[in-house]
1. Can you return the aspartates and glutamates within cross-link range of B:Lys16? Criterion is Cα-Cα under 15 Å, with same-chain partners fewer than 8 residues away left out.
2. Per 10 Å bin, what is the whole-percent P(r) computed from every C-alpha pair distance within chain B?
3. For the range A:31-70, list whatever residues lose no less than 50 Å² of accessible surface once every protein chain is in place, relative to that chain by itself, with the probe at 1.4 Å.
4. In what sequence, highest mean first, do B:36-44, B:6-14 appear when ranked by Cβ atoms within 10 angstrom?
5. Taking the Cα centroid of the range A:39-113 and of the range B:37-57, what is the distance between the two, rounded to the nearest whole Å?
6. Rounded to the nearest 20 Debye, what is the dipole magnitude of the protein assembly as shown about its Cα centre when Lys and Arg each give +1 and Asp and Glu each give -1 at the C-beta?
7. Taking all protein chains as present, what is the carbon and sulfur share of the accessible area of chain A, in % to the nearest whole number, probe 1.4 Å?
8. Which percent, nearest 5, of DSSP beta bridges in chain B are antiparallel?
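The values are calculated or read from the model by the stated rules, or taken from the named source; none is laboratory data. Computed from a predicted structure; not experimentally measured. Counting neighbours? That spans all protein chains shown, and the Cβs are built from the backbone with ideal geometry, glycine included. Note: accessible area is taken over every heavy atom of the protein model, side chains too, but ligands, DNA and RNA are not part of it. Shrake-Rupley method; radii C 1.70, N 1.55, O 1.52, S 1.80 Å.
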Amino acid sequence: EADIYQTPRYLVIGTGKKITLECSQTMGHDKMYWYQQDPGMELHLIHYSYGVNSTEKGDLSSESTVSRIRTEHFPLTLESARPSHTSQYLCASSEGVGTDTQYFGPGTRLTVL
Amino acid sequence: AQKITQTQPGMFVQEKEAVTLDCTYDTSDQSYGLFWYKQPSSGEMIFLIYQGSYDEQNATEGRYSLNFQKARKSANLVISASQLGDSAMYFCAMDSNYQLIWGAGTKLIIKP
């Protein structure tokens, strides 16, 4: 089981602000993911990484960007937040081998006013 | 195209009863994996159980079991002896091209 952390848990911010959602895992997993999820709805993959210096866009178009400079850290940045970005953002990681089960952090609930 | 279908948007079940959550999938891959996750109202996604397409036996984890019927392309989650703490959203997912394809989820409410 992975230990994966996200901060902040809740964020209320005004339109136009730059924000960074933090995600860290302590299991040395190579693969990391960011999902966007509206309440009670399915998850949509917005970014993923197979390792350091590897980042890819997911199926859902997103105005956010990510970086993977260290194995354990996978931050997501929104340069200019808008009300349409209001959602829950979930970070996950997986070993990349075997069943490749994804383990999730607690999520960040973002509200853009 | 790969797809996961969960046909039950919501379910009410009496405490201590068993409950089956439906999941059907569509894939042309020969090798794939199926996952179930639980999402309480607090928002985190909790991994419950995994079934590989080549596993001959149905997966079990405590009170959770997966009723895997490969020919029907179904992977239903069975929760035995339901508890109030089982109330949550439940998502079925399938791995595809090293990513997960997610169903829309089923909201399960356990009644005391």
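1. B:Asp86
2. 15, 50, 29, 6, 0
3. Checking the loss per residue gives A:Glu42, A:Leu43.
4. Values: B:36-44: 17.7, B:6-14: 13.4.
Packing proxy ranking, top to bottom: B:36-44, B:6-14.
5. 19 Å
6. On the way: 18 positive and 24 negative charges, 120 e Å.
In total the dipole reaches around 580 debye.
7. Values: 2770 of 5460 Å².
Using a 1.4 Å probe with all protein chains present, chain A comes out at 51 percent carbon and sulfur.
8. Numbers: 34 of 39 bridges.
If I count the DSSP bridges inside chain B, around 85 percent turn out antiparallel.
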